[in-house]
1. Every residue in region 133-169 that is hydroxyl-bearing (Ser, Thr, Tyr), under 22 Å from Asn235 (Cβ atoms) and either at pLDDT below 70 or outside the structural domain of Asp196 (by TED's automatic domain parsing) (or both), please.
2. Which number in (1) at positive phi; (2) surrounded by fewer than 16 Cβ atoms within 10 Å (Cβ to Cβ) marks the one condition that Gln66 misses?
3. Filter region 192-226 for residues that are touching a Ser or Thr at 6+ places or on another chain (Cβ under 6 Å) and closer than 15 Å to Gly246 by Cβ and give the result.
4. When region 208-225 is examined, which residues are found to be closer than 12 Å to Leu166 by Cα and touching a Lys or Arg at 6+ places or on another chain (Cβ under 7 Å)?
5. From the list Leu189, Leu194, Leu178, Leu211, exactly one residue is in a loop (DSSP other than H, G, I, E, B), assigned by TED's automatic domain parsing to the domain that holds Val241 and closer than 29 Å to Leu115 by Cβ. Which is it?
6. How many residues, within region 228-252, are touching a helix residue (DSSP H, G or I) at 6+ places or on another chain (Cβ under 7 Å) and either closer than 21 Å to Glu172 by Cα or part of a helix (DSSP H, G or I) (or both)?
Amino acid sequence: MKKIKVAVAEDERLAREELVYLLERETDVELVGTAVNGRELLELVEETAPDAVFLDIQMPELEGIQAARMLQGRDQKPFLLFTTAHEEYAVEAFGLRALDYLLKPYSPQRLKESLQRLREAVGTRRGDGADGTARTLGAAVSGSVAAGRLLVEDGERMVVLETKNLLYAEKEEKALRLVTVEGDYTVRLTLQELEDKLREQPFFRVHRSYLVNLDYVRELVPWLNGAYTLLLRGNETQVPVSRDAGKELIRLLKGG
C-alpha cells in the first residue's frame, strides 16, 4: 500500500519531536520533513508534495494560519491538521477546511483518530477502489452523515435527524442541545464531534459554544468590539458570533 506522505511544522522542539515520534510509529505514514516556521513549511511542501501537513498555528516569521492560506492556492492542496495549545483558534482553523485540530499536549489516542480521518480522506482522494470505498462507507455508518441524516442519542431514544432541518447546536454544561425545525434534542455528543460529522455540509462554528446551519442565516447584526449577533430564519434565538469568527462568517456568506 502506498504510504501517506506527511510534513510537520512546529517551532517548539519538544512538541515537534513528540509528534515526529508518534508519526514514525505508524507503518503507513512517511514523514517527508519538518519545518520550524511557515516559510520553511512552504518550501518543504514545494519540494516534497506531502499528502498532509501537521502545522502549529503560532510560529515565527510566518504563522501557520497564514501558511495554510497560501497552501490553499496550490493545485494539489495537502490536507491540513492544525496543532495548538489554544482552543480559541479552532473557528479560524476549520474556516480553512482543516481536516482536524489537535490540542497540545498530544494524546496518542487523539492523534490516532486524526490519522484515521486522514487515511479515509487520502483514500477517497486517491480512489483506492474497493478498499477506499469500504473506508468511506465505514466512516458514514460509524456516526458521520449518510445521505443527509444524523443518528443521535436523545435520552433513551435513538433519533434519526435530517441535517437540513438542524438550525443550530448549542453546547450546554454536560450535553449538547440540537435545535431543529421540528423541536429540540439533548444528545450525548460534543460540539467538536458534531462539527466533525457535519464537515461537508453548510455548518460553521460561530462561537465556542455554537454551531450554525448557514442556510438558515437571516441577519448578521454588529454588536460590541467587532463581535456580532446572528438571527436565524424559523427561530427567535439570537446566536452570538465571536470577533474571530465574524470575518470568516461574512466571507462564507458572500460565497468567497
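The values are calculated or read from the model by the stated rules, or taken from the named source; none is laboratory data. These numbers were taken from a predicted model, which means no experiment stands behind them. A quick note on method: Cβ atoms are made from the backbone with ideal geometry, for glycine too, and the neighbour counts reach across all protein chains shown.
1. Quick first cut of region 133-169, residues hydroxyl-bearing (Ser, Thr, Tyr) only: 133, 136, 142, 144, 163, 168.
Next cut, under 22 Å from Asn235 (Cβ atoms) only: 163, 168.
Listed by number, the list is empty, since nothing qualifies.
2. Looking at each condition in turn, Gln66 falls short on (1).
3. Passing the criteria: His207, Val221, Trp223.
4. Leu211, Tyr216
5. Working: Leu194 fails: in a loop (DSSP other than H, G, I, E, B); Leu178 fails: in a loop (DSSP other than H, G, I, E, B); Leu211 fails: in a loop (DSSP other than H, G, I, E, B).
Answer to the check: Leu189.
6. At the first step, the residues of region 228-252 found to be touching a helix residue (DSSP H, G or I) at 6+ places or on another chain (Cβ under 7 Å) are 228, 232-234, 241-242, 244-245, 248, 252.
Remaining after also requiring either closer than 21 Å to Glu172 by Cα or part of a helix (DSSP H, G or I) (or both): 228, 232, 241-242, 244-245, 248, 252.
Here the count works out to 8.
Residue by residue, here is whether (1) polar (S, T, N, Q); (2) at pLDDT 85 or above; (3) exposed (fewer than 13 other Cβ atoms within 10 Å of the Cβ); (4) within 22 Å of Val181 (Cβ to Cβ) holds:
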site	(1), (2), (3), (4)
Pro222	no, yes, yes, no
Tyr228	no, yes, no, no
Leu231	no, yes, no, yes
Asn235	yes, no, no, yes
Ile250	no, yes, no, no
Gly255	no, no, yes, no
